[in-house]
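The values are calculated or read from the model by the stated rules, or taken from the named source; none is laboratory data. Computed from a predicted structure; not experimentally measured. Every residue, glycine as well, gets a Cβ built from its backbone with ideal geometry; the counts of neighbours run over all protein chains shown. Heads up: the accessible areas ignore ligands, DNA and RNA and are worked out on the full protein's heavy atoms, side chains in. Shrake-Rupley method; radii C 1.70, N 1.55, O 1.52, S 1.80 Å.
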Amino acid sequence: MASAFWCIVEDDRAGRPKKVTGEVLGEGARLARQLGGQVEAVWLTDKATDEGLKQLAEWGAARVWLLENPALAPYRGEVWTPALAELAAAQTPQAIFGAVTARQRELLARLAARLGVGLAADSVAFSAQDGKLVATRPVYAGKLLSKVGWSKPPWLATLRPNVFRLEDPKTGAAPQIERPAVAISQGTMTLAERKEEASTGLPELTEADIVVSGGRGMKGPENFVILEELAKVVGAAVGASRAAVDAGWRPHRFQIGQTGRTISPKLYLGFGISGAIQHLAGMRTSKIIVAVNKDPEAPIFKVADFGIVGDLFEVVPLLTQEFKRLLEK
Amino acid sequence: MKILVPIKQVPDTATQVKIAADAKGIDTTGITWIVSPYDEYAVEEALRIKEKRGQGEVVAVTLGPERAKEALRSCLAMGADRALHLRDPAWENADSLTVARALAAAIKQEAPQLVLFGRQAIDDDMGAVPAQVADLLGWPCASWIMEETISEDGKSVRAGRQVEGALEIFTIPLPCVLSAQKGLNEPRYPTLKGIMGAKKKEIKDVKAADLGQTADGAQLFVVALEALPPRPPGRIVPGEPAEAVKELVRSLREDAKAI
Ligand SMILES: Cc1cc2nc3c(=O)[nH]c(=O)nc-3n(C[C@@H](O)[C@H](O)[C@H](O)COP(=O)(O)OP(=O)(O)OC[C@H]3O[C@@H](n4cnc5c(N)ncnc54)[C@H](O)[C@@H]3O)c2cc1C
Ligand SMILES: Cc1cc2nc3c(=O)[nH]c(=O)nc-3n(C[C@H](O)[C@H](O)[C@H](O)COP(=O)(O)OP(=O)(O)OC[C@H]3O[C@@H](n4cnc5c(N)ncnc54)[C@H](O)[C@@H]3O)c2cc1C
């Protein structure tokens, strides 16, 4: 079917699709309606679950292409790419979308090379122009937006998490499952070890709806406790500026910015962060930005929706209390 | 062991970028250029591998205009042995796939055991070239690596890639492609001796025809570059901390509906 909009499933490695896949399917469905076609899910996994398949249908997937094989876990680009390319060659989809996640940003790039087509990585918006797709992506540390188009289909893109809306769930929808015969190679690289990060008990930085973030103004690693307490109350992830990371106060994986992670939460709260351009690159697409800084001239106030000029060591505990009061109601 | 490091010259992150008159690119007048920061991690790691093994060669390569030679010089000053400068009108409107094809062709000629990239170039932020090159060569790759160790026999590498919530450590046969994430190392500064020495090192010009490449046209084209839509002006919540916090939380709840 020539006008399928494919969405590659991102799962939790235990047979459950992640929310970001719902977002990608949601945007795929809207574009399919505008440009003609239908949205379909493509799931490469060692083991799918019934509830996972049902979830994909409820998120709007008109069809699920299921490639289930032990060699597909853990993700390896050299194994996934030829399998997906073979399926794409047979089915000629109009578009192939993925999420900006560790595996999919690599997978879609490999696939673009394999298929000889363009890739719009880290897209934050799409529009249809004269029956063709145009993607918008931040460039130059988020200082500019680049609108890009493709010379030919399939249109490959990765979508930034937390930016696109889910469709209203099609409750009770049953998945139409296809199990195509596709060659799966064994690959050459082998997993030696998986080191889980010490669990913070808080959401993953790039997936969190709320992110609380601390900078040099935190003055030392021990003080991040107050941000963690605040985070626990509102269900947030805790991030950091590069200054805090380079000082060794927080591990690298928590760095937000141009040389760290890119996040788009509903709410970003920054404490003791000046708002350097490289930091803004990683959080500028947050929906609401709150800044607390004792310097009224701090550049972060230029992008903040709300600001408090004050000492974070006074403000943070008060905020924690106030949120607690509000959420207990 | 021969290691190839593709690097890109990009505007300094603190530079004000202005959109060019045709709205397809940026106005490059007055821009300070640097080696993309992730690529410095890649160069550093390559040098460390060479130093640890006591032998080997580190080759920096870039595709770009004449000014990109400066970026190659910086890598030579850090300690790279020689450099390739891919430069040809055929590559003028290159997208990441064109760049990947050119690099893959150069890599085939050079036949290194390892190709070390940066995770993404901080101007276009595509993060596509490393995996594309790996696919064009039919090599395995690991992206966003935080650590690596080459086996003593030089036949494989153990590399840890950063994924959500974990570090996945793979044993990968060489040759392969790796891309560097921040945290892999701390890049060295070139010494004065390094800077002087770099002037004598070779930067070889490579044309598209030398690599059997033709202008095959970009698969992804820029429709327009646009400035960011301005964010609505923010509000400094006034008052003593206790009052300000109460008002902030109320606004977040009632006005912004953010919580
Ligand atoms: C005049 C002009 C016109 C352009 N037109 C287009 C266009 O029409 N369509 C389009 O999509 N893009 C266009 N570009 C951007 C473009 O060509 C990018 O250089 C290309 O997309 C590769 O960079 P990237 O940001 O995708 O690299 P990434 O994939 O983000 O880079 C990852 C890594 O790959 C390596 N790498 C990347 N680029 C190079 C390089 N040039 N040399 C050596 N190693 C490299 C580095 O190790 C880097 O860390 C244009 C650029 C210019 C200057
Ligand atoms: C190539 C490159 C890449 C970079 N990538 C990143 C990146 O990915 N992410 C990133 O964050 N940075 C990045 N940086 C660094 C960036 O330029 C800044 O240096 C960094 O973001 C500063 O961190 P900060 O805001 O925590 O510290 P500072 O700029 O030192 O700001 C600290 C702030 O805390 C405030 N403060 C101090 N005490 C208090 C208090 N008690 N109460 C309230 N406020 C207080 C001060 O007024 C000040 O505004 C990069 C830089 C370069 C050159």
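Report whether or not A:TRP43 is touching an Asp or Glu at 6+ places or on another chain (Cβ under 8 Å) and in contact (Cβ under 8 Å) with a residue 12 or more places away in the chain.
Considered against the rule, which asks whether it is touching an Asp or Glu at 6+ places or on another chain (Cβ under 8 Å) and in contact (Cβ under 8 Å) with a residue 12 or more places away in the chain, A:TRP43 comes out as yes.
List the pairs whose first member sits in segment B:6-30 and is within 16 Å of B:PRO65 (Cβ to Cβ), whose second member is assigned to a strand (DSSP E or B) and within 14 Å of ligand 2 (Cβ to nearest atom), and whose Cβ atoms are under 6 Å apart, counting only residues at least 6 apart or on separate chains?
B:ILE7/B:VAL35; B:GLN9/B:TRP33
I need the full set of residues from segment B:144-162 which are assigned to a strand (DSSP E or B) and open to solvent by less than 20 Å² (accessible area, probe 1.4 Å), in order please.
Answer for segment B:144-162, where residues must be assigned to a strand (DSSP E or B) and open to solvent by less than 20 Å² (accessible area, probe 1.4 Å): B:ILE145, B:VAL157, B:ALA159, B:GLY160, B:ARG161, B:GLN162.
The conditions are (1) exposed (fewer than 14 other Cβ atoms within 10 Å of the Cβ); (2) over 30 Å from A:PHE301 (Cβ atoms), and B:ARG231 fails exactly one of them. Which is it?
(2)
Considering segment B:170-180 alone, what residues qualify as being at the interface with chain A (Cβ under 8 Å from one of its Cβ atoms) and surrounded by 19 or more Cβ atoms within 10 Å (Cβ to Cβ)?
Residues satisfying the conditions are B:PHE170, B:ILE172, B:CYS176.
Residue by residue, here is whether (1) at pLDDT below 95; (2) within 9 Å of ligand 1 (Cβ to nearest atom); (3) away from chain A (no Cβ under 14 Å) holds:
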{"residue": "B:GLY30", "(1), (2), (3)": "yes, no, yes"}
{"residue": "B:LYS50", "(1), (2), (3)": "no, no, yes"}
{"residue": "B:VAL58", "(1), (2), (3)": "no, no, yes"}
{"residue": "B:GLY64", "(1), (2), (3)": "no, yes, yes"}
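Taking A:ALA2 and the conditions (1) modelled with pLDDT of 95 or more; (2) not in a helix (DSSP H, G or I), which numbered condition does it fall short on, given that it satisfies the others?
Status for A:ALA2: all satisfied but (1).
Can you run down the residue pairs with Cβ atoms below 7 Å, 6 or more apart or on separate chains, where the first is in segment A:147-175 and in contact (Cβ under 8 Å) with a residue 60 or more places away in the chain and the partner is basic (Lys, Arg) and within 16 Å of ligand 1 (Cβ to nearest atom)?
As it stands, the answer is A:THR158/A:ARG105, since those pairs meet every condition given.
Would you confirm whether or not segment A:186-200 contains a residue that is surrounded by 15 or more Cβ atoms within 10 Å (Cβ to Cβ), away from ligand 1 (no atom under 16 Å from the Cβ), touching a residue at least 60 places away in the same chain (Cβ under 8 Å) and of a type in the set (Gly, Ala, Ser)?
Scanning segment A:186-200, I find at least one residue that is surrounded by 15 or more Cβ atoms within 10 Å (Cβ to Cβ), away from ligand 1 (no atom under 16 Å from the Cβ), touching a residue at least 60 places away in the same chain (Cβ under 8 Å) and of a type in the set (Gly, Ala, Ser), so the answer is yes.
Please work out which one of (1) open to solvent by 30 Å² or more (accessible area, probe 1.4 Å); (2) over 25 Å from A:TRP59 (Cα atoms) is the condition A:GLN176 fails and give its number.
Here A:GLN176 clears every test but (2).
Which residue pairs have Cβ atoms under 6 Å apart, sit 6 or more places apart or on different chains, and have a first residue in segment A:70-98 that is within 12 Å of chain B (Cβ to nearest Cβ) and more than 13 Å from A:ALA183 (Cα to Cα) and a second that is among the polar types (S, T, N, Q) and surrounded by fewer than 20 Cβ atoms within 10 Å (Cβ to Cβ)?
none
Out of the residues in segment A:292-308 that are closer than 17 Å to B:PRO238 by Cα and surrounded by fewer than 19 Cβ atoms within 10 Å (Cβ to Cβ), which is farthest from ligand 2 (Cβ to nearest atom)?
The qualifying residue farthest from ligand 2 (Cβ to nearest atom) is A:LYS302.
How many of the residues in segment A:120-137 are more than 7 Å from chain B (Cβ to nearest Cβ) and open to solvent by less than 20 Å² (accessible area, probe 1.4 Å)?
Residues flagged as more than 7 Å from chain B (Cβ to nearest Cβ) and open to solvent by less than 20 Å² (accessible area, probe 1.4 Å) within segment A:120-137 amount to 5.
If I filter segment A:203-213 for residues that are at the interface with another protein chain (Cβ under 10 Å from one of its Cβ atoms) and in a helix (DSSP H, G or I), do I get at least one hit?
Within segment A:203-213, not a single residue is at the interface with another protein chain (Cβ under 10 Å from one of its Cβ atoms) and in a helix (DSSP H, G or I).
Looking at segment A:75-111 only, could you name the residues that are open to solvent by 10 Å² or more (accessible area, probe 1.4 Å), farther than 24 Å from A:LEU191 by Cβ and out of contact with any Pro (no Cβ under 9 Å at 6 or more places or on another chain)?
The one that is open to solvent by 10 Å² or more (accessible area, probe 1.4 Å), farther than 24 Å from A:LEU191 by Cβ and out of contact with any Pro (no Cβ under 9 Å at 6 or more places or on another chain): A:ALA89.
Answer yes or no as to whether B:GLY197 is part of a loop (DSSP other than H, G, I, E, B), open to solvent by less than 30 Å² (accessible area, probe 1.4 Å) and touching a residue at least 12 places away in the same chain (Cβ under 8 Å).
Against the criterion (part of a loop (DSSP other than H, G, I, E, B), open to solvent by less than 30 Å² (accessible area, probe 1.4 Å) and touching a residue at least 12 places away in the same chain (Cβ under 8 Å)), B:GLY197 does not qualify.
Identify the residue in segment A:234-257 that is open to solvent by 40 Å² or more (accessible area, probe 1.4 Å) and not small (Gly, Ala, Ser) and, among all such residues, is farthest from ligand 1 (Cβ to nearest atom).
A:TRP249
I'd like to check something: does segment B:201-214 contain any residue that is closer than 30 Å to B:GLY79 by Cα, within 14 Å of ligand 1 (Cβ to nearest atom) and of a type in the set (Val, Ile, Thr)?
Yes: one or more hits.
Test of understanding: among B:LEU248, B:LEU192, B:LEU220, B:LEU167, which residue is in contact with a Leu (Cβ under 7 Å, 6 or more places away or on another chain) and either open to solvent by 20 Å² or more (accessible area, probe 1.4 Å) or not assigned by TED's automatic domain parsing to the domain that holds B:ILE19 (or both)?
B:LEU220
Only one of A:GLY260, A:GLY282 is buried (at least 22 other Cβ atoms within 10 Å of the Cβ), farther than 17 Å from A:ALA231 by Cβ, facing chain B (nearest Cβ under 9 Å) and within 16 Å of ligand 1 (Cβ to nearest atom); which?
Testing whether each residue is buried (at least 22 other Cβ atoms within 10 Å of the Cβ), farther than 17 Å from A:ALA231 by Cβ, facing chain B (nearest Cβ under 9 Å) and within 16 Å of ligand 1 (Cβ to nearest atom) leaves just A:GLY260.
Looking at (1) open to solvent by less than 10 Å² (accessible area, probe 1.4 Å); (2) closer than 16 Å to A:ALA102 by Cβ; (3) in a loop (DSSP other than H, G, I, E, B), which is the only condition A:VAL24 fails?
(3)
Open to solvent by less than 10 Å² (accessible area, probe 1.4 Å), over 14 Å from B:GLU247 (Cα atoms) and at the interface with another protein chain (Cβ under 8 Å from one of its Cβ atoms): which single residue out of A:ILE289, A:ILE273, A:ILE277 fits that description?
From the options A:ILE289, A:ILE273, A:ILE277, the qualifying one is A:ILE289.
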